[in-house]
Amino acid sequence: MGRWVRPRAGATRFVLVLALLVAPALLRTSTAAAQAEGPAITGRLVQNGKPVPGVKITVKRGRTPIGTTTSDATGIWRVPVGAGGTYQVTLDRKTIPKGFKLADADRTTLPSVVVQSEGDKFVLFPFGEAGPSGPSDFEELLNLAVGGIKFGLIVALAAVGLSLVFGTTGLINFAHGELVTFGALIAWYVNASGGDGPGAPLLFAGAVGVVAGGLLGGALDLGLWRPLRRRRTGTIALIVVSIGLALFLRHIYLVIFKGNPRSFEQFATQQPWTLGPLSILPKDAVIIVVSVAVLVTLGLLLQRTKLGTAVRAVTDDPDLAESSGVDVKRIILMVWIVSTALAGLGGVLLGTTEAVQWDMGLRILLVMFAAVILGGLGSSFGAIVGGLVIGVISEVSAFWFPTDYKVAFALLVLILVLLVRPQGILGVRERVG
Amino acid sequence: MDFSQALVDAVRAAVGVPAAAYALAAVGLNLQFGYTGLLNFGQVGFLLVGAYGTAITADHGLPLPLAFLVGVAAAVVLGLILGLPTLRLRAEYLAIVTISAAEILRLVVRSRPLEGFTGGAFGIREFADAFYNWNPIPSGEYGVGNVTFSDRTLWVMLVGWTLVALTSGLIFLLVRSPWGRVLRGIRDDENATRSFGKNVFAFKLQSLVLGGSIGALAGILLAVDAQFTNADYWQSIFTFFAFTVIIIGGVGRVIGPVVGSMLFWFLLQGADTLLQQALADSFFGSKLGPTEAGPIRFALVGLVLMLLMIFRPQGLFGSRAETLIEEP
């Protein structure tokens, strides 16, 4: 997990600055390596293009000191280490001259710098502010929140089927992530041009992905889950079967589509629209509109149509529904088809904002669980509320905490909600264990 | 195809260190899932805290035996933190809380702010030199026929399988004690057990903590064997492999995890070698190369797990009466 969110603009800029800093060091030290025998650890300290001189740097191996040096007038420093291995490199913060500042004041020690037995190892201590003319706090929070709403809606769309299937059949489907991946992979194949696929436009390819997802869902219900229900297989056994199915499908994807991330042919890069403090990519706006439209349609279907009423009847009590003349088998088949098609749509939308990859579904599986449990298992409106809450919380947490903890926050919220209100925000009290 | 090479590789894998570690993790999981009916999907979290507890302590220069104790103690603490609030929830919720907790742990030890402590994405290396200094086996190669191991590997294997034997013995005695009968009572009918005046919650918690501590031993064993631990080592897929192991061997059988782990590794490695050969010979056409052997064998694991659960849920040596398969 962790890569499913587009890096913030500030972070991208930061990476660019880093790349610019490393480039001169790379050029310079390749000649230096030839001068001394054995490998060395080296680097160049620069802040906004100005070299940082006189900074003390110490290299240790375990608890054994290896060498100490200070950066010269051009900011370059180099410590020969003699042999390959793992070293700790520490920068003495007190020796930094006035007017210079580490980008991350706490990152003065690099705990495990791996040096090969030949060639120099370049390490980097970034200086300066990551983005001096960055957006105001309000703008940043607003854009994070919109990013969170977009991600939350995608999660809700992908996860609502998880909740529908649980409601009607009692199955907690650990293979749901692979159903999300399926839609995205099919859409990628239909969209890819050149030798990879037919190269159809993304709108058509996405539709094919959704339809193929629905067909897979129907096939899985007819070929696997219906026979298992007939044998009255228990909940836990069904969960384990779904785990086996997930493992199977995921690695088949890996064999066929290989491991590298792909993107769709269209809409991969776009200029953002700016609306006052808000800056949003056109495709993100489309994703938000499409998700809301589909989720509202699904809600109306469930509330207003005969089919929806039947689905809710099966969710409440399958036996009672059956005896009232509802064709439970057919309803469950419909639920599987719709759920998997929606999962596929979620996968296609996720693929337009991030990469299409064999394990993209696995990476959002726990987030989807978090969304449906947060909203209340079995309640499709709950999945929407849960998705939005999870999306916004995990994105906005990046304002105060390092982005490394984004998913951890989403899962932490899940655990806390389960402890305080196990039935979820919109769940029914009787579902509590 | 060279079947003798596949056989040698498979036998090596079946008795190797990873097989011992999977067996240990599965012994703990079997206590929780097989005997108590707890759906712990976060067993890998216990392995993680065991490995990191040991590695961080030893990395700070403290003696290795103390580091081992810290690793196990960390698992006890994790078991209490997870169990106290969640064991009152129903089985599926416990599953989702435990898998989420394991994932949170993995993300946290991987995160950059903790790099000075956990090594972040780089992990911690070379912390168990003392363990190899204790190796009493004279250096050399030992083995039968083509199946040989270095003295270093043999020493880790010896310790690993001894731990498997000790913990399996402990479980054998425990499940035949009155304590173990209560656990099985909880698995078969929690309400009936409660109506006998048993504190079901306390028994579940003890089972979770003990099983998790055995899992921590598995984590320590793997980390010491590699002299390395980093966050990506402890993915949730490990827990599912451990489930596959006990389902192959037989749920709720003392010998189940041991037989299951040896068979799991025998089949996994045997299939791997055969697939590599077949793919190198372009047996399946030119589109699939030898690198595809890894994913194909994991797809096979998934298929085997599904088929076993559908057609023989009690595993090869389990008894149907001891397995939670059908709706009551």
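Given the conditions (1) assigned to a helix (DSSP H, G or I); (2) within 14 Å of another protein chain (Cβ to nearest Cβ), which single one is not true for B:L62?
(1) is the only condition that B:L62 fails.
Which residue pairs have Cβ atoms under 6 Å apart, sit 6 or more places apart or on different chains, and have a first residue in the range A:394-408 that is more than 9 Å from chain B (Cβ to nearest Cβ) and a second that is small (G, A, S) and surrounded by fewer than 21 Cβ atoms within 10 Å (Cβ to Cβ)?
That search, which allows pairs on different chains as well, returns A:V396/A:A145.
So that you can scan it fast, the table gives a plain yes or no per residue for (1) at pLDDT 90 or above; (2) of a type in the set (F, W, Y):
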position	(1), (2)
B:A14	yes, no
B:F33	yes, yes
B:V44	yes, no
B:D59	yes, no
B:A75	yes, no
B:L84	no, no
B:S100	yes, no
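Could you list, in sequence order, the residues of the range A:160-204 that are over 20 Å from A:I252 (Cα atoms), outside any loop (DSSP other than H, G, I, E, B) and of a type in the set (V, I, T)?
Those that are over 20 Å from A:I252 (Cα atoms), outside any loop (DSSP other than H, G, I, E, B) and of a type in the set (V, I, T): A:V160, A:V165, A:T168, A:T169.
Can you pull out every residue in the range A:296-340 that is of a type in the set (G, A, S) and within 24 Å of A:L179 (Cβ to Cβ)?
A:G299, A:G308, A:A310, A:S339
What are the pairs, 6+ residues apart or on separate chains, where a residue within the range A:243-270 that is free of Cβ contacts under 8 Å to residues at least 40 places away in the same chain and farther than 22 Å from B:L288 by Cβ has its Cβ under 8 Å from a residue that is buried (at least 17 other Cβ atoms within 10 Å of the Cβ) and among the small types (G, A, S)?
Short answer, once both residue conditions are applied: A:G244/B:G302.
So, B:T86, is that one among the β-branched types (V, I, T), more than 20 Å from the chain's Cα centre (by Cα), over 20 Å from B:L24 (Cβ atoms) and within 8 Å of chain A (Cβ to nearest Cβ) or not?
The answer is yes for B:T86.
Test A:F369 against the criterion of being within 20 Å of B:I104 (Cβ to Cβ) and not β-branched (V, I, T), and give yes or no.
Criteria met by A:F369.
With the requirement that a residue be more than 11 Å from chain B (Cβ to nearest Cβ) and touching a residue at least 12 places away in the same chain (Cβ under 8 Å), what does the range A:409-428 give you?
The answer is A:I425, A:L426, A:G427, A:V428.
Note down all Cβ pairs under 9 Å where the first residue falls in the range B:150-168 and is of a type in the set (S, T, Y), the second is surrounded by fewer than 18 Cβ atoms within 10 Å (Cβ to Cβ) and modelled with pLDDT under 95, and they're at least six residues apart or on different chains.
B:S150/B:S139; B:S150/B:G140; B:S150/B:E141; B:S150/B:Y142; B:S168/B:I255
Quick one: which residue in B:V258, B:V251 is among the aliphatic types (A, V, I, L, M), crowded, with 23+ Cβ neighbours inside 10 Å and not in a helix (DSSP H, G or I)?
B:V251
Quick one: how many residues across the range B:206-236 are closer than 26 Å to A:L366 by Cα and modelled with pLDDT under 95?
Adding up the residues that qualify gives 8.
Under 7 Å between Cβ atoms, which residue pairs at least 6 apart in sequence (or on different chains) link something in the range B:99-126 that is more than 7 Å from chain A (Cβ to nearest Cβ) and closer than 15 Å to B:D232 by Cβ with a partner that is of a type in the set (D, E, K, R) and surrounded by 22 or more Cβ atoms within 10 Å (Cβ to Cβ)?
B:G120/B:R110; B:A121/B:R110
Are any residues in the range B:101-147 part of a helix (DSSP H, G or I) and of a type in the set (D, E, K, R), and if so, which ones?
Listed by number, the residues that qualify are B:E103, B:R106, B:R110, B:R112, B:E115, B:D129.
Residues to consider are A:F257, A:F248; find the one that is surrounded by 14 or more Cβ atoms within 10 Å (Cβ to Cβ), more than 8 Å from every other protein chain (Cβ to nearest Cβ) and under 23 Å from the mean Cα position of the chain (by Cα).
A:F257
Select from the range A:247-274 the residues that are in a strand (DSSP E or B) and either modelled with pLDDT of 90 or more or of a type in the set (A, V, I, L, M, F, W, C) (or both) and list them in ascending order.
Scanning the range A:247-274 gives a single hit, A:W273.
Can you find a residue that is closer than 29 Å to A:D221 by Cα and within 14 Å of chain B (Cβ to nearest Cβ) anywhere in the range A:345-358?
Within the range A:345-358, one or more residues are closer than 29 Å to A:D221 by Cα and within 14 Å of chain B (Cβ to nearest Cβ).
Whether any residue in the range A:230-237 is touching a Pro at 6+ places or on another chain (Cβ under 7 Å), within 12 Å of another protein chain (Cβ to nearest Cβ) and either closer than 13 Å to B:M306 by Cα or surrounded by fewer than 18 Cβ atoms within 10 Å (Cβ to Cβ) (or both) is what I want to check.
yes
For B:R312, state whether it is crowded, with 17+ Cβ neighbours inside 10 Å, under 19 Å from A:L245 (Cα atoms) and within 14 Å of another protein chain (Cβ to nearest Cβ).
no
Determine, yes or no, whether B:Q269 is under 30 Å from B:R110 (Cβ atoms), of a type outside the set (G, A, S), assigned to a loop (DSSP other than H, G, I, E, B) and in contact with a helix residue (DSSP H, G or I) (Cβ under 9 Å, 6 or more places away or on another chain).
When the stated conditions are applied, B:Q269 does not pass them.
Just checking, which of A:G82, A:G54 is in a loop (DSSP other than H, G, I, E, B) and over 21 Å from A:P126 (Cβ atoms)?
A:G82
If I filter the range B:244-297 down to residues being of a type in the set (S, T, Y) and modelled with pLDDT under 85, which single residue comes out as nearest to A:I236 (Cα to Cα)?
Out of the qualifying residues, it is B:T291.
Assigned to a helix (DSSP H, G or I) and at the interface with another protein chain (Cβ under 9 Å from one of its Cβ atoms): which single residue out of A:L220, A:L224 fits that description?
A:L224
The values are calculated or read from the model by the stated rules, or taken from the named source; none is laboratory data. This is a predicted model, so every value here is computed, not measured. Note: ideal-geometry Cβ built from the backbone for every residue, glycine included; neighbour counts use all protein chains shown.
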